[in-house]
Amino acid sequence: MLKADYGRQQNLWKLGLTSQEQLEHAKYKAESDQWDIQRVQETLNTAHQEERSLELELEKTRITAPFSGLIARRYVREGQSVSKGDRLFWITAEAPLLMRFTLPEKYFGRVLPSQQFEITSPNIPGEKHAARVKQISPVVDPSSGTFEVLVELAGDVEVCGRA
């Protein structure tokens, strides 16, 4: 609109129907308006850049694990400052759940790969877990007389005989 006013003032000036002052005033208003538009655009660009910068800073505060799972152990407290590379959590995959234990040497050769059996715990009576042997150590530890077995727990947990 101000550009159109300036154009009209130029036409009126050429015809001698307006003063130099009115022409310069219209020119000033048109140029001033352009500078205001440019200033607002620069302010908007600066705001967008600041927003992006803040988003990047916020991204640095998010902690994500490389896989889904459960937090098995926490090494930091809420509000504690941490640095890149600090150990924060121990994440355990939900499945498959693996368990490593040792058996006396007398069971060596009786436990076979893929063999299935039930695991119980004296700490939680009545709870039973189906397990399948994944790995068996090929050697017996001479100092303890035991060998290592790795099993995968499978199926639902049974408590007191109920699924």
task: Output the number of the condition that residue 84 fails; it satisfies all remaining conditions of (1) without any contact (Cβ under 8 Å) to a residue 12 or more places away in the chain; (2) touching a strand residue (DSSP E or B) at 6+ places or on another chain (Cβ under 7 Å).
output: (2)
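Per-residue answers, yes or no, for (1) basic (Lys, Arg); (2) touching a Ser or Thr at 6+ places or on another chain (Cβ under 9 Å):
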{"residue": "3", "(1), (2)": "yes, no"}
{"residue": "13", "(1), (2)": "no, yes"}
{"residue": "16", "(1), (2)": "no, no"}
{"residue": "19", "(1), (2)": "no, no"}
{"residue": "23", "(1), (2)": "no, no"}
{"residue": "29", "(1), (2)": "yes, no"}
{"residue": "36", "(1), (2)": "no, no"}
{"residue": "40", "(1), (2)": "no, no"}
{"residue": "44", "(1), (2)": "no, no"}
- prompt: What's the number of the condition residue 11 fails, among (1) modelled with pLDDT under 80; (2) among the polar types (S, T, N, Q); (3) in contact with a helix residue (DSSP H, G or I) (Cβ under 9 Å, 6 or more places away or on another chain)?
  reply: (3)
- prompt: Between a first residue in region 104-117 that is without any contact (Cβ under 8 Å) to a residue 40 or more places away in the chain and a second residue that is in a loop (DSSP other than H, G, I, E, B) and among the basic types (Lys, Arg), which pairs have beta carbons less than 9 Å apart while being 6 or more apart in sequence or on different chains?
  reply: none
query: Quick check: is even one residue across region 136-147 assigned to a loop (DSSP other than H, G, I, E, B), over 35 Å from the mean Cα position of the chain (by Cα), surrounded by 12 or more Cβ atoms within 10 Å (Cβ to Cβ) and of a type in the set (A, V, I, L, M)?
result: yes
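The values are calculated or read from the model by the stated rules, or taken from the named source; none is laboratory data. Worth saying up front: this structure is predicted, and the values here are computed from it rather than measured. Note that we place each Cβ from the backbone using ideal geometry, even for glycine, and neighbour counts take in every protein chain shown.
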